[in-house]
Amino acid sequence: MEPFLSLAKLCEALEATTKRNEKVAMIGNFLRSLSPDEVALAVPLIIGWIFPEADSKPLELGYTIVSSALKARRQGRLIEAPLTIKAVREVFERIADVKGPGSQGRKKALLEGLLAQSTELERKWILKNIFGEMQHGVNEGIMLDAIAKASGVPEELVHRAYTFTGDLGKIATIALSDGAVGLSKIGLELFRPIKPMLAEMSYDISEALSEHGGITAFEYKFDGARIQIHRKGSKVRVFSRRLSDVTESLPEIVEIALNEISANEYIVEGEAVAMDSSSKPLPFQDLMRRFRRVKEVEEKASEIPLRLYLFDILRLGEKSLIDEAYEERWNLLRKICPEKYLAKRLITSDPEEAMAFLKEAIEAGHEGLMAKALSSPYYPGKRSKYWFKIKPFHRLDLVIVAADWGYGRRRGWLSDYYLAAFDQVSGCYELVGKTFKGLKDEEFEEMTKRLLSLKVSETEHTVAVKPEVVVEVAFNEIQRSPRYRSGYALRFARIVRIRDDKSPRDVDTLETVRRLYEAQFEHKGRLR
Ligand code: AMP
């Protein structure tokens with residue numbers, strides 16, 4: 001059993017170098033030194049997620065609990081037996097599992113026990129995991145390359161296998177024990193969600209048209225939550241964008257899958273949209289309530305009815321379709337699915353026609369358009385120019401990393417939010433703006449509670465939080481700014497909605513911010 005101390009030492013060494021290759025080699029060597037059943041446990045603890053992505057669960061350990069557990073530890077007796085990686089993960093599991101009345105006290109006791117067994121260095125990396133702030137520059141990409149290095153399997157194969165399972169630890173275990181043969185067996189499987197194909201942001205319709213060779217398929221971009229539906233016979237499972245199983249929250253989607261889609265075995269993908277009684281799309285927040293409240297499903301199902309719009313099919317019968325062209329996939333989808341459950345779309349080479357379609361989508365209450373290359377395969381987990389999202393306003397998904405206490409009418413609320421993008425180079429979140437606009441009073445209240453439970457440190461006016469709450473932010477312009485280390489600042493930023501469907505790992509990158517900045521500059525150049 002590997003002591004947790006070696007993992008802490010590894011993190012310490014990772015923090016000390018900025019060189020990607022060195023990080024990859026160090027993690028690779030470390031993974032090779034572990035026993036097979038430790039690999040899957042170590043991977044999320046190295047990267048700072050604690051649990052595997054699809055199984056992520058909140059610890060609900062606020063700053064107050066952590067600091068009082070730390071204080072209690074100092075008075076407590078140090079236990080001599082070294083902590084193992086397995087033991088650390090087990091305690092985290094137990095902390096996450098504690099629910100209900102008195103749970104805070106029990107969580108604290110478990111954490112105290114863990115801290116009492118840990119050395120100074122171990123404590124540092126346990127706390128960094130709890131607060132989600134590793135700051136050692138290790139992201140998914142580096143971890144995947146380290147797994148490749150450790151196992152001698154080509155990087156491409158490791159990356160590919162990851163998109164089909166979304167579980168880094170599992171990929172590492174298979175790579176190290178069964179090598180390339182094991183990994184190449186991983187493919188699209190029923191009832192195991194895959195990472196969804198992603199879209200790049202585009203600024204206008206003509207960019208999409210020219211990137212796609214003059215003709216493209218425009219689809220309505222619905223303002224909902226992405227779902228993957230897997231069915232075989234009478235068994236149906238529905239998975240969210242974050243790959244968690246949301247079947248129990250969405251009984252009417254299960255009904256549609258069983259009774260209205262005319263195939264026995266398939267994986268289809270689409271967007272679930274909340275509707276009001278006059279069939280207008282409801283704000284995203286209302287939809288998220290459906291995903292969260294499993295207990296009151298029946299009640300909520302009638303209060304917030306859902307519409308389903310499918311836009312892709314990844315498997316039909318026993319055949320995987322992800323290598324087929326978009327057009328071919330749509331033809332199959334159309335055959336098994338009634339028109340009313342399909343995303344509205346238009347294939348055109350005419351920018352004016354596309355513009356009118358965009359206007360129609362916005363007027364119908366949707367978000368904009370997607371533009372999809374007709375010949376493109378389905379690339380799980382990849383963001384590419386094969387799919388563009390076209391929204392009439394600039395928007396970015398950012399994560400809240402701190403908040404200021406409000407004053408005047410907003411006294412008592414954390415109401416001014418520090419917004420950060422992800423810097424893929426350093427692996428850190430970098431500030432690009434700040435806003436107090438966009439939330440309603442009750443949302444300020446809820447957000448305050450939520451942020452306090454994620455508190456990492458505080459000063460008189462500002463509370464720093466674990467990067468966890470993702471918000472979609474609209475803004476007018478990006479400026480160069482010396483105020484933030486990122487070098488950019490959003491002007492007139494406002495929160496459009498809280499993106500509970502996205503994890504902090506899904507936020508836009510600093511590279512996207514830079515690209516948007518450059519693009520607006522080109523646009524201004526043209527105006528002059
Ligand atoms: P964004 O969340 O802004 O990155 O935009 C991509 C998301 O738009 C996808 O993950 C889907 O949840 C959603 N979406 C809405 N309509 C469509 C569509 N027709 N095709 C693909 N994705 C869509």
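The values are calculated or read from the model by the stated rules, or taken from the named source; none is laboratory data. On a predicted model such as this, the values are computed, not experimentally measured, just so you know. As a convention, Cβ positions derive from the backbone with ideal geometry for all residues, glycine included, and neighbour counts pool all protein chains shown.
For this structure, a couple of remarks:
- Breaking point among (1) at pLDDT below 95; (2) of a type outside the set (Val, Ile, Thr); (3) crowded, with 22+ Cβ neighbours inside 10 Å, for LYS372: (1)
- Selection within the range 211-226 - near the ligand (Cβ under 7 Å from one of its atoms) and either over 27 Å from the mean Cα position of the chain (by Cα) or surrounded by fewer than 21 Cβ atoms within 10 Å (Cβ to Cβ) (or both): ARG226
- When each of LEU310, LEU287, LEU243, LEU250 is tested for being within 16 Å of the ligand (Cβ to nearest atom) and at pLDDT below 75, the lone residue that passes is LEU287.
- ALA371 vs. criteria among the aliphatic types (A, V, I, L, M), without any contact (Cβ under 8 Å) to a residue 12 or more places away in the chain, closer than 15 Å to ASP204 by Cβ and not in a loop (DSSP other than H, G, I, E, B): no
- Residue match in the range 382-393 (condition: in contact (Cβ under 8 Å) with a residue 60 or more places away in the chain, assigned to a loop (DSSP other than H, G, I, E, B) and more than 13 Å from the ligand (Cβ to nearest atom)): no
- Residue within the range 150-168 that is under 30 Å from ALA81 (Cα atoms), in a helix (DSSP H, G or I), charged (D, E, K, R) and touching a helix residue (DSSP H, G or I) at 6+ places or on another chain (Cβ under 7 Å) present: no
- Residues being within 16 Å of the ligand (Cβ to nearest atom) and either loosely packed, with under 13 Cβ neighbours inside 10 Å or of a type outside the set (Phe, Trp, Tyr) (or both) - total across the range 333-362: 17
- When the range 74-98 is limited to residues that are part of a loop (DSSP other than H, G, I, E, B) and modelled with pLDDT of 90 or more, the one that is farthest from SER35 (Cα to Cα) turns out to be VAL98.
- Some residue of the range 131-146 being assigned to a helix (DSSP H, G or I), more than 15 Å from the ligand (Cβ to nearest atom) and touching a strand residue (DSSP E or B) at 6+ places or on another chain (Cβ under 9 Å): yes
- Test: GLN228 is in contact with a strand residue (DSSP E or B) (Cβ under 8 Å, 6 or more places away or on another chain) and at pLDDT below 85: no
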